[in-house]
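Derivation of every value follows stated rules applied to the coordinates shown; laboratory data play no part. Since this is a predicted model, take the numbers as computed values, not measurements. Methodologically, a virtual Cβ is constructed for each residue, glycine included, from the backbone with ideal geometry; neighbour enumeration extends over all protein chains shown.
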Amino acid sequence: MATEPVKDTDPTIGRLVADASRDISTLVSKEIELAKSELKVSFKAGGTGIGLFAAAGFVAVLAIIMLSVSLAYFIHWNGSGLSLHWAFLIVFALYLLITALLGYLGVKKVKQVRAPEAAIRQGKEIPSALKGH
């Protein structure tokens, strides 16, 4: 196995390290550009989705208003039922009951929220683990 003498055109270790560093830097910057372009598409789709959900919520509110009015007129039943003002008051009371029930259930659920105790405990153990204890 004969070794050939080093030529002036052969790369040096310094040049190889500089080339590798430049290539890694280019690779990282291209990966960041790719991630940015993917996130831009995701954010655009997410924004459109949020806008559509907001529009659906607005239409649902309009539907609830129409349901409320029609329910009150149903209770009134062309003058054969209760007076119109009592019919609207009954619908209002129904919505107050639904609101109270949803609020009660919401408070019960919020009281069930706890801190992530296992994750906190493990996080406190990390410094000692890094020190080798």
* Asked: Do we have ILE65 as under 22 Å from ILE98 (Cβ atoms) and assigned to a helix (DSSP H, G or I) here?
  -> yes
* To do: Answer yes or no: is there a residue in segment 34-50 that is among the β-branched types (Val, Ile, Thr), under 30 Å from PHE92 (Cβ atoms), in a helix (DSSP H, G or I) and out of contact with any Ser or Thr (no Cβ under 8 Å at 6 or more places or on another chain).
  => no
* Asked: Restricting attention to segment 74-125, which residues are among the aromatic types (Phe, Trp, Tyr) and either assigned to a helix (DSSP H, G or I) or under 18 Å from ILE64 (Cα atoms) (or both)?
  -> PHE74, TRP86, PHE88, PHE92, TYR95, TYR104
* Verdict on SER37 being among the small types (Gly, Ala, Ser) and closer than 30 Å to THR99 by Cβ -> no
* Run SER68 past the list (1) touching a residue at least 24 places away in the same chain (Cβ under 8 Å); (2) under 31 Å from the mean Cα position of the chain (by Cα) and report the number of the one that doesn't hold. => (2)
